[in-house]
Amino acid sequence: MSIRTEPVTMNVGPIHPSTHGVFRMRVTFDGEEIIDVEPVIGYLHRGSEKLAEERTYTQVVTLTDRMDYVASMTNNQSYILSVEKLAGITPSPRGVWLRMIASELQRIASHAVANGFLINDLGAWHTPLLYMLREREKILEMFEMLCGARITNSYLRPGGVFMDAPDQFWPALNRFLDEMPHRIDDIENLLSTNEIVLIRTQNVGVLKKDECLNASITGPVLRASGVDWDLRHKNPYDYYDQISFSRPLGEIGDNHDRFLVRIFEMRESLKILRQCIENIQPGPVRPKEVPFLVRPPKGDSYVPIESPKGELGFYLVSDGGVSPFRCHVRAPSFINLTLLREMVLGDKIADLFVTFGSLDVNMGEVDR
Amino acid sequence: MNTVMDSVVFKFIYCHLVSSNECVDSFRILGSGFISEKYSIIGFLITSLILILILINGALVGVLALIWGERRLIGRFQARLGPNRWGPWGIFTPVADAIKVMFKEDISPRLSDKFVFVLAPVLMVIPVLMIFAVIPFGKATFLTDLNVGVLFILAITSTNTLSVLMAGWGSGNRYGIIGGLRAVAMLLSYEIPMALAAVGVILMAGSLSIIKVIESQTIPFAIFQPLGFLTFLIAATAELNRSPFDITEAESELIAGYMTEYSSMKFGLFFLGEFMATIAASAVIVCLFLGGWRGPEIIPSHFWFLIKWILMICVFIWFRATFPRLRVDQIMELAWKALFELTLINILAVAILMLIWPDPTILELWIMTGINWIIFFVSLWIFGKLLGPKPEQKDGVSRKIVLQK
Amino acid sequence: MFGFGLIKGLWVTFKNLIGPTFTVQYPDKRVGLFKAAKYYKQNPFSFLKSHPIDGLKSIVGQAVIKEYPDQFPRFRGQEFNWYEDRCTGCASCAKYCPLGIIEIETHPGENNIQEGTSYDIDVFDIDIGRCMFCGICVEACPFDALHMGSGFEKATEKREELVIAVDELRSADKRPSTWFRPQIEQSSYQPRDKEMDDFHDIGRHEKPTKEELTERWVNER
Amino acid sequence: MTKVFSGEMIRELIDDLEPESVVSTNNDSVHIKSESALKIFNELKNKENCQFDLLSSLTAVDYIDRFEMVYHLTSTVHNHSLVIKLICGEGRKEPKVSSVVSIWKGADLQEREVWDLMGITFENHPNLKRLLLWEEFPGHPLRKDYLR
């Protein structure tokens, strides 16, 4: 006897608990097995690139905050580096160190959120997520000390940062650096040896090295597949060339490797932060001669940086005016979505969300 | 009727209603009953109704308490406070929840199968309430002492599979259908290890009556046969659709699974049924494995039962706060490849031990316990090796994170 | 052994069960006797005497006291602080606002003739319903007349009420944030503790002495 | 440190691969003929001393009198990068280039985005549909002549 079956097509999203925003997938199931996935994006499209063409170079900083709202400091950094290259501004050393501290803190926060939500997609009742958010909260508080906002920072300016760190920032940072390793250990105890997490994530959503590179996938996802490609190391921007750190590399490139690579990168970021604190010297945070209205000469610039999600770069074209002629964002989470279909084909429904979560996609950045 | 009269509570109410020879005078506080013995059946019915009323209301209050307790406790597990605004320590939060649920708009989708859609939540609650009938809440405090009590519980709990399937099918929603089908697959599979785990208990007790099971627990069966306890606990968690087996609801995958289209009081009934099932299942586990109301007689037996009951519920909440969800095929694998065999091993071990010591003394009981624990660890180790996570990939690539200097 | 990782996980959650919580309660929280007495700055006995009802509640841990989350002086809040005496009506803030939500109308004024002619402000509307609190207007202000506020409780039911008009700006509490104002931050100023009413204290320039003013305005001419 | 090719170096490199396809040389980039683009990209990816395996970024710029495609290529093997530009079509009418999806899969979503927002047609793209905006959307918003 044969049972007649037929595939079911279902809309997952745009309103769904684990699509991390307004992402929509048109999924076709055969029983529990996925036979087709088509991502549909654009529900959060705000036209940031067009808006940037009507704003001055300083005002665009506020737009970049809102692209990847989990990692706005690195967005600022990438944009500012592009502007500095375009306008030929030499930043102040203290400003550069400060923005490195800010971006490494942001990396920890972003990875914490990514891993927390990944485990939430696995179905843990928000517990690891809340532990991660607890640590992120401390980082956001430090951001509030630095720049008066927790998420939409707008802390960086062409030439450095807008204001020196207040006195209370340094003790808070040191306390955080002392506490954080124990918190990461806690999370590892809770999850890294947990048999349920292991059987759920291992050998699921495997990305091979070549596929990854060919699809322009960057960041922790690429490193989890075993490619040693970290722009902080390979193409050091700011003062990353003065800092020694190691890059965690996975071997297989499945969801578990991506999870572990993020955990290890949080530890490495703590190391970088310690070296930043050792190296930072008093001085001005921003050169006096940088005007409020930057007018770069004609030309274009593209400075990719290693954001928590991957290679993030702003391609700016100037026509000599006060606002960019064209501003293109190379958004890592947008491009990391390229292989989503190939990753989940043949897996079960439950794995779809775990794989999607392990890519660490931020819809604000995907749709811009 | 005789077994019913063993219950203190029943006798107490009954003797105030009926003037009967069965009643000992010391039981009466307010004088003798007003119904003559000829019509004692009326008194019997009225007593039953009163007790049912008490029990159902008690169960509802228990659900409210559980909602509050679960939210507070999960809050604390997650290093936050939980609801604490409405009333002292937030104890009125479930009341507010109940009021909110009642006043929500009752929506039934156009594509739904109306009859099935409405019937499903009702079917969810009734079987759970029926479990309470056979649970002894203390020494000589029970509604009825069914001589097939364990069988009754196993039979009754399996009907909520039907309710979940009806809800999933009736709502005409694809998430609902997937949730309902998952539920059928999972709940039916876990009936078997659950029943087989109970067999170990029945073997030792020599009776299907829950009172007899409790009385036979000189050493609580949780300690005596850890394998049986573990499998029963896991199977019960799965039967309850609680984390880590909540694939039927699967918030992060199926939104709310079979409950997706339900709103208002229909949703409330599902909620009620689920929480009541947690309470009932904890009571069953306490009776079968933790010695029921037995305990040192410093405090009354009812309190022993209550303490064990609450602790058992807390363990369920603890599991929910800690474990991620299993995938559907892994859940089936666990049921058929691990729990099924483990329960068989347990039955075999218990049976052989009983053959060796047909009438064990306390010392012999402890020796049996020790042997059972050895079997427990050995079998867990073997099954972990066979079914646990494999560190290597299929083609033999070893897994490690390399720190590139 | 299989299951060991699960037990480790259970242990971590149990540690957090008995550990501290990280919830910040706002706007009030319930406390026991000692904390309530500390809040009212009394010892427990005199607190029980002076607040009998609160005292009884506090014995079961139910006394209600006000609670605010930690806030740092640079916090960019609502309720812009504007010092009319410092404002020249140059409209830099309106120009640099990325959203164009500041509206300024001026006319040549009679004030401050000594320091050069300035403009009187007729209209100074900030539509904080559309504001994203980036603080670029504050950064652009050349005379430190406009400051970010430090409040965060200005919730209303209508969008129109979110437009801060000039009168409201004039009369509002002056609790400026230290965003982009290092001169205030150096004096370790906390917005919640005290108001900054005097427009002389707020600027980034030294307050001129009388001699300097005489030198500048009398002797040089 | 990533070795960034200057315009002259890129011209030498491309002249080796496909002579006379460079139109003009800038400071840090070259313009190439759009007809030979696909062939050049293929060579750049596969040739031993190039191995540009990572397509960093792909975008288009509306220079009012022309549309330009900009390709940022990186090699993770040799750790060097270069910028290649090409002018799409004549003037503003029907800009068209050949798709590079067959070479780099990563161009898939980026080319769809460029088509969506800038209106440049990619020949041989497997699935050239609008991405961020809906199908019925009039016009291409990132063009300079787009009015609301």
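The values are calculated or read from the model by the stated rules, or taken from the named source; none is laboratory data. What you see is a predicted model; the values in this text were computed from it and never measured. Neighbour counts are summed over all protein chains in view; Cβ atoms, including those assigned to glycine, are modelled from backbone coordinates with ideal geometry.
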Filter the stretch A:17-57 down to residues that are modelled with pLDDT of 85 or more and of a type in the set (S, T, N, Q) and give me whichever is nearest to A:Ser103 (Cα to Cα). A:Ser48
Only strands (runs of 3 or more DSSP E) wholly contained in the stretch D:7-117 count here; list those with 3 or more residues that are of a type in the set (S, T, N, Q). D:54-62
Just one of the numbered conditions (1) assigned to a loop (DSSP other than H, G, I, E, B); (2) farther than 30 Å from A:Arg286 by Cα; (3) of a type in the set (A, V, I, L, M) is not true of C:Met132; which one? (2)
From the list A:Ile277, A:Ile252, A:Ile243, A:Ile263, which residue is surrounded by 18 or more Cβ atoms within 10 Å (Cβ to Cβ), closer than 24 Å to A:Phe162 by Cβ and either in contact with a strand residue (DSSP E or B) (Cβ under 8 Å, 6 or more places away or on another chain) or not small (Gly, Ala, Ser) (or both)? A:Ile243
In the stretch A:206-224, is there at least one residue being within 14 Å of chain D (Cβ to nearest Cβ), touching a Lys or Arg at 6+ places or on another chain (Cβ under 8 Å), surrounded by fewer than 22 Cβ atoms within 10 Å (Cβ to Cβ) and over 21 Å from A:Gly346 (Cβ atoms)? no
May I ask you to say which residue of B:Ile56, B:Ile29 is at pLDDT below 70 and out of contact with any Ser or Thr (no Cβ under 9 Å at 6 or more places or on another chain)? B:Ile29
Hand me the list of helices (runs of 4 or more DSSP H) wholly inside the stretch C:136-198 holding 2 or more residues that are under 20 Å from C:Cys97 (Cα atoms). C:136-140, C:166-171
Filter the helices (runs of 4 or more DSSP H) completely within the stretch B:65-168 down to those with at least 1 residues that are out of contact with any Gly (no Cβ under 6 Å at 6 or more places or on another chain) and charged (D, E, K, R). B:93-103, B:114-131
Of A:Met73, A:Met67, A:Met10, A:Met25, the only residue that is touching a strand residue (DSSP E or B) at 6+ places or on another chain (Cβ under 8 Å), part of a loop (DSSP other than H, G, I, E, B) and either over 30 Å from A:Glu342 (Cβ atoms) or not acidic (Asp, Glu) (or both) is A:Met67
From the list A:Val70, A:Val60, A:Val113, pick out the single residue that is within 22 Å of the chain's Cα centre (by Cα) and farther than 28 Å from C:Val24 by Cα. A:Val60
Reported set for the stretch B:221-230 where residues are under 15 Å from B:Pro360 (Cβ atoms) and either surrounded by fewer than 23 Cβ atoms within 10 Å (Cβ to Cβ) or not polar (S, T, N, Q) (or both) is B:Phe221, B:Ile223, B:Phe224
In the stretch B:237-263, residues that are at the interface with chain A (Cβ under 7 Å from one of its Cβ atoms) and touching a Phe, Trp or Tyr at 6+ places or on another chain (Cβ under 7 Å) total 5
Just one listed residue, out of A:Thr74, A:Thr90, is under 13 Å from A:Arg157 (Cα atoms), surrounded by fewer than 20 Cβ atoms within 10 Å (Cβ to Cβ) and out of contact with any Cys (no Cβ under 8 Å at 6 or more places or on another chain), and it is A:Thr90
Members of the stretch B:146-182 that are among the aromatic types (Phe, Trp, Tyr) and either more than 12 Å from B:Gly257 (Cα to Cα) or surrounded by fewer than 18 Cβ atoms within 10 Å (Cβ to Cβ) (or both): B:Phe152
Do the conditions hold for C:Gly100, that is, is it assigned to a loop (DSSP other than H, G, I, E, B), surrounded by 15 or more Cβ atoms within 10 Å (Cβ to Cβ) and in the same structural domain as C:Ser177 (by TED's automatic domain parsing)? no
Quick one: in the stretch A:11-24, of everything that is within 12 Å of chain B (Cβ to nearest Cβ), of a type outside the set (Ser, Thr, Tyr) and under 20 Å from A:Leu118 (Cβ atoms), which residue is surrounded by the fewest Cβ atoms within 10 Å (Cβ to Cβ)? A:Pro17
When the stretch D:43-98 is examined, which residues are found to be touching a helix residue (DSSP H, G or I) at 6+ places or on another chain (Cβ under 6 Å), polar (S, T, N, Q) and surrounded by 16 or more Cβ atoms within 10 Å (Cβ to Cβ)? D:Ser98
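Before we move on, is B:Glu253 in contact with a Lys or Arg (Cβ under 9 Å, 6 or more places away or on another chain), more than 30 Å from A:Val354 (Cβ to Cβ) and among the charged types (D, E, K, R)?
It is false that B:Glu253 is in contact with a Lys or Arg (Cβ under 9 Å, 6 or more places away or on another chain), more than 30 Å from A:Val354 (Cβ to Cβ) and among the charged types (D, E, K, R).
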Which numbered condition trips up D:Val97, out of (1) at positive phi; (2) within 17 Å of the chain's Cα centre (by Cα)? (1)
Restricting attention to the stretch C:55-64, does a residue exist that is at pLDDT 80 or above, within 27 Å of A:Val60 (Cβ to Cβ) and of a type outside the set (Gly, Ala, Ser)? no
Among A:Leu129, A:Leu140, which is surrounded by fewer than 24 Cβ atoms within 10 Å (Cβ to Cβ) and within 14 Å of chain B (Cβ to nearest Cβ)? A:Leu129
Verdict on A:Asp367 being within 14 Å of chain D (Cβ to nearest Cβ) and under 25 Å from the mean Cα position of the chain (by Cα): yes
Counting only residues that are within 25 Å of D:Arg143 (Cβ to Cβ) and of a type in the set (Gly, Ala, Ser), the stretch A:315-368 contains a total of 6
What are the residues in the stretch C:14-67 that are more than 10 Å from chain B (Cβ to nearest Cβ), under 24 Å from A:Lys138 (Cβ atoms) and part of a helix (DSSP H, G or I), if any? C:Lys35
For the stretch A:326-348, what are the residues that are touching a helix residue (DSSP H, G or I) at 6+ places or on another chain (Cβ under 6 Å) and over 30 Å from A:Glu53 (Cα atoms)? A:Met343, A:Val344
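Condition first: in contact with a Leu (Cβ under 7 Å, 6 or more places away or on another chain), farther than 30 Å from A:Phe353 by Cβ and within 13 Å of chain D (Cβ to nearest Cβ). Can you find one or more residues in the stretch A:235-243 that meet it? Break it down stepwise before answering.
In the first step, residues of the stretch A:235-243 are kept if they are in contact with a Leu (Cβ under 7 Å, 6 or more places away or on another chain); the result is A:237.
Now drop any that are not farther than 30 Å from A:Phe353 by Cβ, which leaves A:237.
Subset that is within 13 Å of chain D (Cβ to nearest Cβ): A:237.
So far as the stretch A:235-243 goes, yes, one or more of its residues are in contact with a Leu (Cβ under 7 Å, 6 or more places away or on another chain), farther than 30 Å from A:Phe353 by Cβ and within 13 Å of chain D (Cβ to nearest Cβ).
Does A:Leu190 satisfy the condition of being at pLDDT below 85 and assigned to a helix (DSSP H, G or I)?
It is true that A:Leu190 is at pLDDT below 85 and assigned to a helix (DSSP H, G or I).
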Show the residue pairs that are 6+ apart or on different chains and have beta-carbon atoms under 6 Å apart, the first residue being within the stretch C:177-190 and more than 9 Å from chain A (Cβ to nearest Cβ), the second being surrounded by fewer than 19 Cβ atoms within 10 Å (Cβ to Cβ). C:Gln183/C:Arg204
